[in-house]
Amino acid sequence: MILIELFLTFFKIGLFTFGGGYAMIPLIQEEMVAHGWLTIDQFVDIVAVSQMTPGAVAINNATFVGYKVAGFFGTAMSTFGLIAPSLIIITIVAKLLDKFSNHPLVEGAWQGIRPAVVGLIMVAVISIGKEVIIGIDGIIIGIIALVLLAKVKLHPIGVIVISGILGVLFTYI
Amino acid sequence: MKQIKLRELFSTFMRIGGFTFGGGYAMIPLIEKELVEQKGLLTEEEFIDIIAVVQGIPGVIAVNSSLFIGYKLRGILGALTSVLAISLPSILIILSIAQLLLNLQGNQWVEALFKGVRSAVVVLIFWAGYKMSKKAIVNYSSLIYTLGVVLGILVFKLHPIVLIGFAGIIGMITSITKTKEYNDDTD
């Protein structure tokens, strides 16, 4: 049943994402495309919308996908699925967490996981980039966006707005 | 220490969820301002410990921090109240624009706009990964994890979860010598 599948999929995303924010993107992308719930274009659009609206990217994505697949109840199931692993971990082991977060074995696991997440993100950049950066226009807009972000230090919302305007200009001029 | 009312907990986290752009990490300074500086419900040390813990467990940063702080202040009800409050603004906003987004698909102007936006999003993701790499890739052995994941996915088609699991286990194994020292120290 679709509601249970939504719940389980977002439960998996919540349980196996380490580092929050953009670290979630590779896993969400993998799951959404594998289930056929979103195209890569739609997924990237949701990331853009998430940047421009308040709140966390993962919650926004869960809300949108749940709605698209199964309406309001879909949203409830996917969002609850995303939250459930944290709820279980925090309420059951809250007292142990203070003690264990400094344990060398946990620190050791993190020393492996952190660079691994960087690898996941870079693969996502390649696989998403191949699909959504179209033609010479797309590449030029990408380079301008990188300069605005890295050199001009413009806020991501500004970078998204300017890139959108450039997209329209390049298409119609 | 004085106890916060659930209603106040709800309105505090709803404000934080509704006014931070850029996701969980952007919420951390706001949570600190509201709960540590203004309301005095947590000390600075408690807050720093909480942030360290919520980043060390899986899940969404905003969800983890609201759950953990809510739980510390008012138990399980506090945890549920806080997480509902921090997620509610984004759920309501996305629900109200979801249909609009779906309807606009195929509109030529919107397609042109999003064509530009999509290039920018790839750059944003790349930049987030680049900034993360400066803290995550500290020596040659951490670089091996990164390259291992890239090869694992592109060449061996392994699932991201499998690779994260591997990385965590190998990281633990290589830290066993340090763990022995730690145990000797504490004994």
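Rule-based calculations on the coordinates, nothing more; no lab input. What you see is a predicted model; the values in this text were computed from it and never measured. So basically every Cβ, Gly included, is an ideal-geometry build from the backbone, and we count neighbours across all protein chains shown.
So here's what we get for this one:
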read-out: Mean projected area (nm²) of the alpha-carbon convex hull when the protein assembly as shown is viewed from all directions; value: 19.3 nm²
read-out: Burial ordering of B:M14, B:M27, fewest other beta-carbon atoms within 10 Å first; value: B:M14, B:M27
read-out: Summed residue charge, Cβ within 14 Å of A:F18's Cβ, Lys/Arg positive, Asp/Glu negative; value: +2
read-out: The protein assembly as shown, dipole about Cα centre (Lys/Arg Cβ +1, Asp/Glu Cβ -1), debye to the nearest 20; value: 340 debye
read-out: Alpha-carbon Rg with Dmax, taken over the range A:2-132, Å; value: 15.6, 45
read-out: The protein assembly as shown: calculated mean residue ellipticity at 222 nm from DSSP helix runs of at least 4, using -39500 (n - 2.57); value: -28000 deg cm²/dmol
read-out: Spin-label proximity, B:K135 to the range A:11-39 - amide N less than 15 Å from point 7 Å beyond Cα toward beta carbon; value: A:18-24
read-out: Chain A, relative contact order [Cα under 8 Å, separation at least 6], %; value: 26 percent
read-out: Three-way shape label, the range A:134-173, alpha-carbon gyration tensor, a/c 1.5; value: oblate
read-out: Cα-projected label distance for B:E8 with A:I143, points at 7 Å along beta-carbon direction, nm; value: 5.7 nm
read-out: Ratio Rg/Rh, restricted to the range B:93-168 and using Cα atoms, in which Rh is the Kirkwood radius; value: 1.16
read-out: Rounded tilt (10° steps) of A:40-52 against the dominant C-alpha axis of chain A; value: 80 degrees
read-out: Globularity ratio of the range A:56-173, using Cα Rg and 2.2 N^0.38 Å; value: 1.50
read-out: Peptide A:165-171, shielding by other chains (average Cβ, 10 Å cutoff); value: 6
read-out: Evaluated over the range B:1-104, the Cα radius of gyration and Dmax, each in Å; value: 14.2, 52
read-out: Around B:G129: net Lys/Arg minus Asp/Glu count, Cβ-Cβ under 14 Å; value: +4
read-out: Positive dipole terminus of chain B, leading residue within B:L77, B:L30, B:F156 (C-beta point charges); value: B:F156
read-out: Sites B:L154 and A:H35 - FRET efficiency at Förster radius 22 Å, r taken between beta-carbons, to 0.05; value: 0.55
read-out: Distance in nm between pseudo-label sites at B:F19 and A:L96 (7 Å out along the Cβ direction from Cα); value: 3.9 nm
read-out: Relative compactness, the range B:53-187, computed as alpha-carbon Rg over 2.2 N^0.38 Å; value: 1.50
read-out: Kyte-Doolittle at least 0.0, axis length at least 30 Å by Cα - qualifying DSSP helices, chain B; value: B:61-104, B:108-136
read-out: Around B:I31: net Lys/Arg minus Asp/Glu count, Cβ-Cβ under 13 Å; value: -1
read-out: Percent RCO, i.e. relative contact order, over the range B:1-104, from Cα pairs under 8 Å lying at least 6 residues apart; value: 35 percent
